[in-house]
Amino acid sequence: MGDAPSLKKLKEAVYEVDDVVDEFQLKAEKYEADSGFLSRYLHTQPKAFVFQCKAAKNIKKIKKTFDDIVKQMAILNSVVGRDPASYINNTAVNRQTFPFVDGAAVMGRDQELHQTISKLLETDDQQRLNIVSIVRLGGSGKTTLAQLVFNDVETIKNHFTVRLWVHVSQEFHVEKVLKKLFDAIPNEKSEGLSLTNMANKISDKLTNSSWQVFQQSFRNAVKDLNFEFQEVGKEIVNKCGGVPLAIKVLAGVLRVKKRLEQWHAIKESNLLNVEGKERQVSACLWLSYFNLPSHLKQCFTICSIFHKGHLIDKDQLIDQWIAHDMIPECGVNYLEYIGDDYFSHLVQMYFIQYVKEEVDGKVICKMHDLVHDLARSILGDEISLVVPKKATNFTKICRYFSIMEHTRHLPSKNTFRKARVMYIAGDDDFISCKASKNAKHLRSITVEYVHRSALTAILHTKNLRYLNISRLKYETLPEVISVTWSLQGLHVTSSDIVKLPESIGNLKKLRVVNLSYCFCLTSLLDSIGNCVMISSIDLFGCKKVATLPSSISRNKRLRVELPEGIENLKKLVVLNLQECRKLRGIPKGIAQLTRLGKLGLFVVGKDENYAQISELENVNKISGELTIRGIAHGMDPDVADKEWLKQKTNLQRLTLLCKSNVGVNSENQLEGLGPPPGIKSLKNVRYQGQECTQWMLKHIGVEVAGLPRFRLLSEFELSDFPKLERLQGLTELPCLEKLVLEKMIALKSISGGPFPSLLELVMNEMPSLSVVWMVAEGSLADVEGGQLEIGNRLSVLSIFECPKLMVMPYFPLSVKDLRLANGNVQLLGVPALPSFGYSSLKKLQLVAASYGSGCRWELLQHLMALESLEIWSSKGLIELPESVRSLASLQSLRISSCSALCMLPV
């Protein structure tokens, strides 16, 4: 669509204007910073006069270009009437297969059959439509497995109202496939019917499936649509040819269209009047792109610099958008917040997919291959995938370089003269040549394995705003980085650097510093405090960082982690200190960073030179994950009367790591650190008190009448409580899915709940605990050891290193996976077992010597549904008990490290 010569000229002229503005702005900022008076410089310095003359010449040239374009507008008018659809890019026969199969004659396919059916039936509240592909070598049984699934009586036939079996050969004929589809419909024959009639009837049968995809993609808003909207929507879906990607992108377009006439305009678009599924998908993608807001189109196309399948870091992508002025300055919101909205919009439009959060909290995503093709086709001649040997007319307009393969030649000096973006997937020597030095308008570069000479050449690019380097093999960056005046985003990851250069403080526009996974980094220099625009410092995985500069607390924009002098960074929003294991403390002044949105780790220092927990009171925008390390009683005398964390409503995951050996008065060690009500994951480690902290217990577990305090908590771990003897009255947790209780050597009793959503329970290293009653709901009379109300969804139960523990009255009947290690041999007995036995238990794992031949293992007699039995490290096991014979459903038996075993039951 961008082939019109006048449009190309117009776009090139806009680039030229931007280049002139770049040069003037850089000059202006530099000399205004140096002298404070730009006008004096421009009037008195000879160099300034030369600069003004060159700028005037360029401006006249650009003005003439614009005048020529205006005169050619009549030519553009002739393009308007053209059909947009015209822009869309224009063997052996297989054996016939049928859905019939003799299931009794097929052996060894039960597990694969169940897995395939389960994947087809997987669903959620969005009613997702699942597609399962079976890929294997020829003759390995793909068709047989598909036949078994198609004919499954118990599940598939009851679940799907329409089932069609169609064989498609390598010699593909649309008419033949259409007839086969039609004949597969019960009580229908294709004889005497036109292809149109057959297609209409098939469409009626299958439209519901396409509409399901549309509903899923449109999300909850579809239920608010009235009848007229839904009817137009179904007509649009019919034009997508049943292709899910096409349906999804148009759903993304329609979601933001609020008027019925807008839906009609989409339906009647000439772009959709094409034949063939490939063209239909392409048409839908182009139509979706045309409906993007103008500010999002350039944000989308820059994604094409990455190769297909590349995992794109969301924050780094937003940094590139900012570096290229794709996000406008706003007096209210940070640029990163606006960029987050842009990103969400592209996700909703399905231009960005496969979004997920990694363990380090970073959000990554990918582009569908067809969407990637669209982005590259939009850029056209503006993007190059190779380094040209010679400067040509092509290089004069090429603004994007995406280099995937090693370049063996040196480009000419003007090759990168117009370059704005460079992505280099490997080690390339050409970076240090004259061509890169002439890349005066380069704004962002991403490169791996860069040599020091090449890095120095890159840093001499005065207009560079975004630099992303990984696997750097040097201890520091060159001091010449100070001349990279415009640098805003600095990403040096997974590298060997030990420190940053002192000159880093000269980068007044620096906003983001990402040093994640630089395992050798020991500290940040105090000069970082001079970078007053910094909003994010990421030190994730910098395990050797022991101190932070105090100057960092002066930056109120900062959103991440802080060095001494940190109070200077007033704009800091991100300070990511996760996995900084040697960090000794946080500098004083962190309380001034009220905009801090991400911290990751807070270390309570040993003396008055470091910040105490009380400084967290006013830092209420912290979100995501936070670990507080070094908690000790007495650090804040009135800690029990405070609630330092309650107001941090954006906090999702909290880990509290207490100090050991804090003395006898340790009951208040965790008071004042009660999590906010919306917390989803909570981990408490090394608590030294003899009684449980009050905010965990049921009698204070009501914040609003009738509502549990931690109503969203899904993961809860209590670990290494060496003095705790009774864990009584653990508060109600309605959404709790995983509960871990471990390393409680003094614990004698436990009670709590209800936990109606509990799926997994782990009990580990509790040598003093003798009895636990596990009940589904309600309460029993006063029983020894207390009771846990675990609900009826518990699926995985693990009991390790609990030699005295007995579970009463019996193992929960909902358990599917039971794991026992170094436990009480009586656990394999069956006290008061109900007559219907353990019908859900599918997997049993036994570990350690206590389960030897002296144990009768009566439990096995009642495991009629058990499919997998594993026995590990049982040196006293000489032979398996006779009860193994009762395992009628057993499919897998694994025995390992049982050196005394000499026979199996015959």
Probe 1.4 Å, protein heavy atoms only - accessible area per residue of the range 295-372 in square angstrom: 40 Å²
In Å², nearest 10: area of residue 864 left accessible to a 1.4 Å probe: 100 Å²
Which of 334, 810 is most accessible, then next, and so on - probe 1.4 Å: 810, 334
Residue 63 - accessible surface, heavy atoms, 1.4 Å probe, Å² rounded to 10: 130 Å²
Within the accessible area of the range 295-372 (1.4 Å probe), percent carbon and sulfur: 51 percent
Above-threshold pairs, the threshold being 29 Å between Cα atoms, out of 119/738; 64/509; 9/248: 64/509; 9/248
Accessible-area composition of the range 582-635, carbon plus sulfur, in percent [1.4 Å probe]: 43 percent
Residue (of 363, 326, 311) at the positive-pole extreme of the range 295-372, dipole from beta-carbon charges: 311
Distance between the range 491-517 and the range 466-489 - C-alpha centres, whole angstrom: 7 Å
The range 432-474 - Rg over Rh from alpha carbon coordinates, Kirkwood radius: 0.94
Debye log10 I(q)/I(0) for the range 295-372, one point scatterer per Cα, at q = 0.12, 0.19, 0.22, 0.26 Å⁻¹: -0.31, -0.78, -1.03, -1.38
Heavy-atom SASA rank of 465, 653 (probe 1.4 Å, accessible area, largest first): 653, 465
Unsatisfied cross-links (Cα-Cα over 24 Å) in the set 683/743; 582/648; 804/875; 582/606: 582/648
Carbon and sulfur %, accessible surface of the range 440-560 computed with the full protein complex present, 1.4 Å: 53 percent
Cross-link pairs beyond the 29 Å C-alpha cut-off, checked among 11/60; 544/723; 356/621: 544/723
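The values are calculated or read from the model by the stated rules, or taken from the named source; none is laboratory data. Treat the numbers as computed from the prediction; the structure is a model and nothing was measured. No Cβ is skipped: glycine too gets one built from the backbone with ideal geometry, and neighbour counts run over all protein chains shown. We work out accessible area using only protein heavy atoms, side chains counted, and drop any ligands, DNA or RNA first. Shrake-Rupley method; radii C 1.70, N 1.55, O 1.52, S 1.80 Å.
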